[in-house]
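Reading through the structure tokens given below for one structure.
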Amino acid sequence: MIRRELIKFAGGAATGLAFTPLPWRLLGDSAIWTQNWSWMPRTPRGEVGEKEANCTLCPAGCAVKVRTCGGTPIGVWPRGEAMCPAGFAGHTLPWHPLRLRQCLNRGRVSSLEEALEASRAAAEGGLAVLDMLPGRTASLLHRVHLSGIANARYIPAPQAEGGTARAMARLAAGSVQLSAELGRAKTVLSVSTPLLDGWAAPRRTAANRGFTLWQAESWRSRTMDLADSRLLIRPGSETALLLGLARQLLQTAGVERRARLLQGFDQLQAAIAHAAPAAAAERTGLSEDRIAALADALLRGQPSLVIADGDPLGGPLPEDARLAAAAVNVLLGAEAFSTRREPPVPKPWRCIECTRLEQVDNHSIGLLIIDEPAPGLALPWAAIAPKLKPEGALVVALTWNRASYARRADWLVPVPVYLESAADAPPPPDTGSWRIAVSPAVLNPPEGAIAAADFVARLAGAEPDSAARLEERQKLAGEEELEAAPAPAFTRILPAGTDGAQLAAAAAANLEGPPVAAHGWRQASVSPLLGKLWQEWDLRPAPGAVTSHPETLRGLGWHADSGARLESEAGQMQVLLEADPTAPSGIIALSAGPAYAQICEAAPNGAWRLKNPKVVRS
Ligand code: SF4
């Protein structure tokens with residue numbers, strides 16, 4: 001072959017290669033083949049349908065429509081009322097990467113029968129069910145089934161929401177369950193409570209909400225940004241603000257005359273003895289005029305409501321703040337409170353009494369069953385651990401995820417999540433009216449998943465029939481919303497046994513350790529897809545994000561923009577420190593996921609606190 005032929009061959013080959021469809025064909029075919037492997041997710045095909053439902057991811061129980069394709073939920077839409085962003089992505093929860101799909105025994109794949117067998121053996125040492133979301137039909141069923149087991153206890157996990165209403169109930173004649181009535185209030189003072197960010201149902205907190213909101217908080221929260229008036233207070237000064245407010249209100253003759261007739265007035269006077277305007281201003285960082293303007297707004301804008309519940313993931317406010325808020329509500333006439341409607345319970349259901357966590361003796365639980373049905377529920381482990389028997393106690397977490405109790409529980413048992421089994425929402429904290437809000441079963445749960453109430457039923461040797469029982473209760477409740485009853489007369493202004501001097505001391509006490517304002521959005525972990533959106537677009541801080549003024553960080557010796565661990569005596573969590581020159585100084589805002597509760601201890605006053613916290617570079 002001569003050189004000319006070689007050049008002609010090479011030129012022809014190059015030209016042919018440019019025009020041959022072979023490489024493009026190969027590219028196209030490999031793209032098609034790689035889309036058709038058996039494990040690839042596929043767009044559902046089939047009949048498109050719609051189901052009326054309620055979102056049961058939180059107590060708001062919003063009315064929704066679930067759109068399905070071939071029986072698979074593909075979207076959730078509002079049904080005539082507002083929803084929060086998480087509700088729109090709620091149907092993706094069954095595919096959450098942290099979803100628990102099989103029984104695990106200390107990390108080893110196991111079976112439901114083995115978990116039941118181990119639980120039966122441990123139950124003889126004293127059984128307790130810790131319900132992380134009390135108030136549902138499943139909660140009632142726990143109590144029904146536990147009535148068949150000797151010495152069994154049902155423990156509702158303490159909830160931040162409704163703390164002020166529970167404090168108010170201690171001031172009423174007789175035993176009642178009260179609720180704030182947000183829809184009735186014209187002026188609302190929310191103290192360190194995410195009133196517009198998860199506390200209340202979106203339908204009651206839209207832009208035309210019908211009440212004027214004053215938000216008192218030590219960091220710039222979303223509720224603070226959306227409030228009509230903002231009160232940036234010093235960390236830990238909530239009780240001082242409320243006692244200062246009480247003293248200001250008592251300057252009004254009519255208010256003082258009414259208050260004098262109530263039991264506990266002497267103690268209130270002792271509590272506010274040191275809450276003179278100048279002292280309250282000094283403690284809270286607000287001006288005297290600002291506190292006076294707040295008192296004036298609450299008096300003029302009746303019915304007024306004061307909520308000092310705290311944060312669901314950052315922890316409740318201390319009891320002294322809730323008592324002070326209750327006293328202020330009574331001074332204001334408490335017109336925006338109602339008696340909560342008791343959800344109907346079928347007559348044959350026999351329930352055991354609830355036992356509060358603090359009533360449980362230490363070292364008395366041999367088998368602890370934790371019912372964690374949904375994301376965003378937290379309780380410090382340090383509050384639970386002392387209740388367990390030191391030797392041989394078994395912890396079984398009936399949970400939707402692999403993370404929360406992975407280190408604490410001996411057994412992780414999967415439960416059906418939202419839209420995998422019929423479930424109802426607990427009563428909301430913002431109204432005493434009651435309407436059963438049920439989400440239907442649209443999908444099949446993973447094999448081996450069991451409803452928490454059915455697990456307890458099987459332990460008790462009863463029929464696992466939670467779905468039928470919910471239907472029975474739903475029929476009994478009917479479709480109509482039951483109107484709340486008026487609140488009873490308040491005979492006290494502070495609960496019996498409250499020491500006014502101690503309340504004053506609590507208001508004056510300085511915070512122990514660094515001033516951390518922990519906050520969290522319960523629905524943050526409903527959908528990783530949604531989380532990616534709001535984190536990448538900076539709509540919300542990611543869990544573990546710590547934001548503070550550069551000088552505050554410098555003063556603590558914490559270095560901004562570095563990955564670090566926040567360590568306390570109870571545990572540690574990863575944090576990301578960010579310096580923000582626009583943040584108020586003297587406060588560290590920590591975006592807390594449920595992991596935060598695990599590094600806290602529950603103080604005797606009900607608040608969660610970090611014991612000896614320090615930040616360590618990771
Ligand atoms: S998560 Fe709560 S607020 Fe959001 S849509 Fe569901 S019920 Fe409503």
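Explain nothing, just compute: Karplus ³J(HN,Hα) = 6.51 cos²θ - 1.76 cosθ + 1.60, θ = phi - 60°, for every residue of segment 66-78 in order, whole Hz, x for Gly and Pro.
Running phi through 6.51 cos²θ - 1.76 cosθ + 1.60 with θ = phi - 60° gives 9, 8, 10, 9, x, x, 9, x, 10, x, 10, 10, x Hz.
Tell me the relative contact order for segment 213-257 as a rounded percent, counting alpha carbon contacts under 8 Å between residues six or more apart.
After rounding, I find 29 percent.
Quick one: Karplus J couplings for segment 434-450, per residue in order, coefficients 6.51, -1.76, 1.60, θ = phi - 60°, nearest Hz, x for Gly and Pro?
9, 9, 5, 10, 10, 9, x, 8, 10, 10, 7, x, x, 4, x, 6, 9
Using alpha carbons only, how many angstrom separate the centre of segment 134-167 from the centre of segment 577-618?
For segment 134-167 versus segment 577-618, the Cα centre distance is 29 Å.
Applying 1/(1 + (r/R0)^6) with R0 = 60 Å to the Cβ-Cβ distance of TRP537 and LEU261, what FRET efficiency is obtained, to the nearest 0.05?
Calculated value: 0.65.
Just to be sure I understand the model, the point goes 7 Å from the Cα along the line to the Cβ. What's the resulting LEU6 to GLU342 distance in nm?
About 10.2 nm, to one decimal.
So for the pair SER38, ASN510, with labels modelled 7 Å out along Cα→Cβ, what separation do we get in nm?
A separation of 6.7 nm, rounded to one decimal place.
Using 0.36 nm per residue of separation minus the Cα-Cα distance, give me the extension gain between GLU353 and LYS611 in nm, one decimal.
89.6 nm
If packing is taken as the average count of other Cβ atoms within 10 Å, what order do 498-506, 544-552, 327-335, 46-54 fall into, highest mean first?
Ranked from most to least packed, the peptides come out as 327-335, 544-552, 498-506, 46-54.
Rank-order 532-538, 12-18, 584-590 by packing density, defined as the average count of other C-beta atoms within 10 Å over each peptide's residues, highest first.
With the highest mean Cβ count within 10 Å placed first, the list reads 584-590, 532-538, 12-18.
How far apart, in nanometres, would the label points at THR252 and GLU282 be if each is projected 7 angstrom from Cα along the Cα-to-Cβ direction?
With each label point 7 Å from Cα toward Cβ, the separation is 2.8 nm.
Express in whole angstrom the spacing between the alpha-carbon centres of segment 310-329 and segment 191-266.
Each part reduced to its Cα centre gives a spacing of 11 Å.
What length, rounded to one decimal in nm, is gained on full extension from ARG67 through to ASP580, with 0.36 nm per residue of separation minus their alpha-carbon distance?
Result for the pair: 180.5 nm of gain on full extension.
Hey, if we sort ARG458, ARG257 by accessible area with the 1.4 Å probe, largest down, what's the order?
Of ARG458, ARG257, the descending order of accessible area is ARG257, ARG458.
State, as an integer percentage, the relative contact order of segment 369-462 based on alpha-carbon contacts under 8 Å between residues 6 or more apart.
Reported relative contact order: 25 percent.
Shape call for segment 511-617 from the C-alpha gyration tensor, a ≥ b ≥ c root eigenvalues: rounded (a/c under 1.5), prolate (a/b greater than b/c) or oblate?
oblate
Any chance you could check the Cα centroid distance between segment 361-429 and segment 1-79 for me, in angstrom?
40
Pairs of Cα atoms under 8 Å, at least six residues apart: use those to get the relative contact order of segment 232-313, whole percent.
About 41 percent, as a whole number.
Using protein chains only and a probe of 1.4 angstrom, how many square angstrom of HIS363 are accessible, to the nearest 10?
Counting only protein heavy atoms, HIS363 exposes about 110 Å² to solvent.
Give the shape of the chain as rounded, prolate or oblate, defined through the alpha-carbon gyration tensor: a ≥ b ≥ c are the square roots of its eigenvalues, a/c under 1.5 means rounded, and otherwise the shape is prolate if a/b is larger than b/c and oblate if not.
Prolate is the answer for the chain, as a/c is 1.5 or above and a/b outweighs b/c.
How much length would be gained if the chain were fully extended between ASP499 and ARG407, taking 0.36 nm per residue of separation minus their Cα-Cα distance, in nm to one decimal?
29.1 nm
Quick one: which of LYS65/LYS475; LYS387/LYS611; LYS389/LYS614 span more than 26 angstrom between C-alpha atoms?
LYS389/LYS614
Would you mind counting up the charge near MET132? Only other residues with Cβ under 14 Å from its Cβ, with Lys and Arg at +1 and Asp and Glu at -1.
Summing Lys and Arg as +1 and Asp and Glu as -1 gives -1.
Would segment 440-576 count as rounded, prolate or oblate if I go by the C-alpha gyration tensor, calling it rounded below 1.5 in a/c and otherwise prolate when a/b exceeds b/c, oblate otherwise?
It comes out oblate by the Cα gyration axes.
What net charge do the residues around GLY520 carry, taking every other residue with its C-beta under 11 Å from that of GLY520, with Lys and Arg at +1 and Asp and Glu at -1?
That sum, taken over residues with Cβ under 11 Å, equals 0.
Using mean Cβ contacts within 10 Å as the protection proxy, how do 339-349, 79-89, 120-130 order, highest first?
Per-residue mean Cβ counts within 10 Å order the peptides as 120-130, 79-89, 339-349.
So what's the net charge close to THR252: Lys and Arg +1, Asp and Glu -1, counting the other residues with Cβ under 14 Å from its Cβ?
+3
The values are calculated or read from the model by the stated rules, or taken from the named source; none is laboratory data. The structure presented is a predicted model; accordingly, all values stated were derived computationally and were not measured. As a convention, Cβ positions derive from the backbone with ideal geometry for all residues, glycine included, and neighbour counts pool all protein chains shown. When the accessible area is computed, the model is the full protein with side chains, heavy atoms only, and any ligands, DNA or RNA have been set aside. Shrake-Rupley method; radii C 1.70, N 1.55, O 1.52, S 1.80 Å.
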